[in-house]
Amino acid sequence: MPLLVMKFGGTSVADLERIKNAAAKVKREVERGHDVIVIVSAMSGKTNELVGWVEGTSPLYDAREYDAIVSSGENVTAGLMALTLQEMDVPARSWQGWQVPINTTSAHASARFESIPAANINAKFAEGFKVAVVAGFQGVSPEGRITTLGRGGSDTTAVAFAAAFGAERCDIYTDVDGIYTTDPRITSKARKLDRIAFEEMLELASLGAKVLQTRSVELAMRYKVRLRVLSSFEDTNDTSGTLVCDEDEIMESKVVSGVAYSRDEAKITLVTVEDRPGIAAAIFGPLSEAGVNVDMIVQNISERDYDDHPGAVTDMTFSCPVNQVPRARKAMEDAKAAGHINYDELNVDTDVAKVSVVGIGMRSHAGVAATMFKALSTENVNIKVISTSEIKISVLIDRKYMELAVQALHDAFELDKAG
Ligand code: ASP
Ligand code: MG
C-alpha cells in the first residue's frame, strides 16, 4: 500500500469540530488507497498552558517531569483523532511515542531521534488498520523516560516518520495555505510559491518564517522527504499548497525566491579589542558556552589606538537574538574580568532587525547584492551589518525600517510575478 504521512498542527486540531474536519481529509486519502500515518500536535494553546503549569509549580523544574507533562497535550489529540476516525468507519489506532517506540536521546526538552522501528505499526496495518495516529513532539529515552523534541517538534516527528516508513510524501496541514515569497502581513503582493527547494526553505525557516520547524526541513533534506505545506481549512487536492522538494524538481527559476526577516535581533560591538591570533576564539568560545546563538560577525580595524600600538586593535561586532543579550554581556564581562579579553566598551543595540533575500539561483547569478543594496539605499535604509552565504544575503538594519525594507526588496526582485 502506498503510504502517506499527514501532520495536523495545533490550530488544525483546536477543537472537536476541527478534528472532524482533519479526520475527513485523512478518510479521503484512505479511500484513495493509502495507508496513513497521522501526526498530531496538541490543541493550540495547550502546550503553552502545560509549560505554564510546570513553571508555576517549580521554577527550576526537573526536565524529566517537564517532558512528562508537556508531552501530554499530544496524547489527547492522538486519542481523539483515532476515535473520530473510528466514528467515520476508518480503522484507526493511536500511538504514544513509547509505544511505537520513537527512540530518542535523553536530552530532555530537546531530544533527538535515534530510531523509529516500523515493525509495530506495520503489524497493525497488516491486521487491517488503515490509520496510525501518532502523538507528535515526543519520544522515549534509553532510560525509558518520556522525552520531547523542542517546541514545534511535531513537524520533525512527521518528517522522521515519512523517512522511516518510506512515505510517498509528508503533508503538513496548517493554518496557512503554503509558503509565500514573504510574510503576506507585510506586503499584500506576497505570492504563494508552488515549489521551493529544501535549501531555500531551510534558510527561510531559520530566518524567521515560522511555518516549519527548522529541524524538520533539515531532516527532510537529508532523507529527501517531499514535504507539502497546505491549509487544513480549505478544500485541498494533490496540487494544493507548496511542495518543499529537491531543486531538481523545480522548473521555475527565479534568482531570488523569498524575503525573510527576523525582528528580535540585537547587535553587540566590543570596541578596541586586541588584534592578535586567538582573539576571535577568546570572544566566541565563551559566548557559545553561554548558549548565545551568534549569527552575523564583523571584524574591522578600529579607529582608536590600543596601548599606543596603532593598528593592533580591532572592533568586533556580532548579532544574536535580543533575549540573549544579558547572557552575552555577562559572558563578555566575565572573560574580561578573567583577563582573557580586553575591550574599552561593550555597545549594545537592541533595536535592529535582520532582512534577508534567499534563492538557489544566486549560485549562478551575479548582481543580487547590488540590486539589494540599491533598493535599500533608494528607501534611505542604512545597512549596519552584512553577511552572505551561497544562497542568501542578510542585512542588519534599524528595526523601524524592517517592513519598508521587506517591501522594497520584494518589489526590487519582482517576487509578485511568477518566474
Ligand atoms: N505542541 C508542541 C508545541 O506547541 C509541538 C508542536 O505542536 O509542534 O510546541
Ligand atoms: Mg508548528
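Read the figures in this text as sums done on the coordinates, not as results from a lab. If you're wondering where the values come from, they're calculated on a predicted model, not measured in any experiment. Every residue, glycine among them, receives a Cβ derived from its backbone with ideal geometry; neighbour counts consider all protein chains shown.
Stretched out straight at 0.36 nm per residue, the stretch from GLU114 to GLU345 would grow longer than its current Cα-Cα span by 78.6 nm.
Could you point to the residue in VAL406, ASN382, ILE341 farthest towards the positive end of region 338-419's charge dipole, with +1 and -1 charges on the Cβ of Lys/Arg and Asp/Glu respectively? Sorting the options by dipole projection puts first VAL406. Between ASP334 and LYS374, the C-beta separation translates, for a Förster distance of 60 Å, into a calculated FRET efficiency of about 0.90. Does region 51-114 come out rounded, prolate or oblate, given a ≥ b ≥ c as the square roots of the eigenvalues of its C-alpha gyration tensor, rounded meaning a/c under 1.5 and, failing that, prolate meaning a/b above b/c? The shape class here is oblate.
Toward the positive end of the charge dipole of region 17-143, with +1 on the Cβ of Lys and Arg and -1 on the Cβ of Asp and Glu, the farthest Cα among ALA123, VAL76, LEU60 is that of ALA123. Spin-label model, GLU87/ASN122: points 7 Å from Cα along the beta carbon direction are separated by 3.4 nm.
Per-residue extension of 0.36 nm, minus the Cα-Cα distance of SER288 and MET1, leaves a gain of 98.6 nm for this segment. Determine, from the Cβ-Cβ distance of LYS20 and GLU168 and an R0 of 30 Å, the FRET efficiency 1/(1 + (r/R0)^6), rounded to the nearest 0.05. Efficiency computed from Cβ-Cβ geometry: 0.75. Taking the Cα centre of the chain as origin, sum charge times position over the Cβ atoms of Lys and Arg (+1) and Asp and Glu (-1), and report the length of that vector in debye to the nearest 20. Value, rounded to 20: 920 debye. Here the spin labels are modelled as points 7 Å beyond Cα on the Cα-Cβ line, and at ASP246 and ARG263 they lie 3.9 nm apart. The convex hull built on the alpha-carbon positions of the chain has an orientation-averaged projected area of 22.8 nm². In the elastic network of the chain, a GNM with C-alpha springs shorter than 10 Å, the most mobile of GLY45, GLY56, GLY166 is GLY56.
Taking Cβ atoms as reference points and 13 Å as the exclusive limit, the residues near ALA78 contribute a net charge of +2, counting Lys and Arg as +1 and Asp and Glu as -1.
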